Amino acid sequence: MLYFSLSKDEKLALSGEKANLVYDVVNIKVDPRQMDKLLDLDGIYPSYHMSKKTWISLVLDETIPDQMIFELIRGSRSLVAPKHLRKASEPHYWIVPVNLKYYDIGEEFSASEDILWTQKASMQKGDFVAIYITAPTKAIRYLCQVLEANIANQGYRDEESIKELMRIKPLYSFNDSDFDSERLKCFGIKTVRGP
């Protein structure tokens, strides 16, 4: 992703009323199969100073909805830095399911600023964890950050299979309609059964 300011007419070959104004622009790598569809949208142009086969320029003048910009940035990041090339020091992002019948995470968060949570997979300090409330809610309710990882379970959780815990702190609470299962499907997340 490349961020800069430029005049629309100077670099994007446009004319008209806005041609002499200076705008903030970001270059985003995209799947070439999306290119034609994206270039038909207002505020998206063939990339300035990058390969026009796989890059586009977004003019940040509020023409493009923020949500779309965020989605394009996430997609661009995955294209330019695949997971197997990602630095171990970068935070990872997880979605973890919680069944309120068995564990009331909201009650625990209201009682404490941070909580001990069963550590799954290779979650580490600095990672971000979205807490997905299972049926009937089916939505992400909390975004948390891992404050500490690899804490030995010394009787905190009764289940013997739980060997390690992590300390998590909620950063944001969402309405259940913000990131429900239908919206998650739009991001390619069809089911949440594990981290």
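Any read-out appearing in this document is the output of simple, stated calculations on the displayed coordinates, not a laboratory observation. Keep in mind the model is a prediction, meaning the values are calculated, not measured. Neighbour counts are summed over all protein chains in view; Cβ atoms, including those assigned to glycine, are modelled from backbone coordinates with ideal geometry.
Going down the list LYS138/LYS185; LYS125/LYS163; LYS29/LYS190, which pairs span over 20 Å between their C-alpha atoms?
In this structure, LYS29/LYS190 exceed 20 Å between Cα atoms.
So which aspartates and glutamates pass the test for LYS53, namely a Cα distance under 12 Å, with those fewer than 8 places away in the same chain ruled out?
List returned: ASP31, ASP36.
Order these by the 10 Å Cβ neighbour count, fewest first: VAL146, VAL26, VAL80.
If I rank by nearby Cβ atoms, fewest first, I get VAL80, VAL26, VAL146.
Taking the number of other C-beta atoms within 10 Å as the exposure measure, put SER57, SER51 in order starting with the fewest.
So the ranking, lowest neighbour count to highest, is SER51, SER57.
Taking H placed 1.01 Å from N in the peptide plane, check which residues at least 5 places from VAL30 or on another chain put their amide H under 5 Å from its amide H.
Placed amide hydrogens put TRP55, ILE56 under 5 Å from VAL30.
Please arrange LEU39, LEU165, LEU143 by counting, for each residue, the other beta carbons lying within 10 Å of its beta carbon, fewest first.
In order of increasing Cβ crowding within 10 Å: LEU39, LEU143, LEU165.
Hey, got a sec? Which chymotrypsin sites (Phe, Trp or Tyr not before Pro) in region 117-178 land in a DSSP loop and have at most 13 other Cβ atoms within 10 Å?
Loop-located and lightly packed - TYR156.
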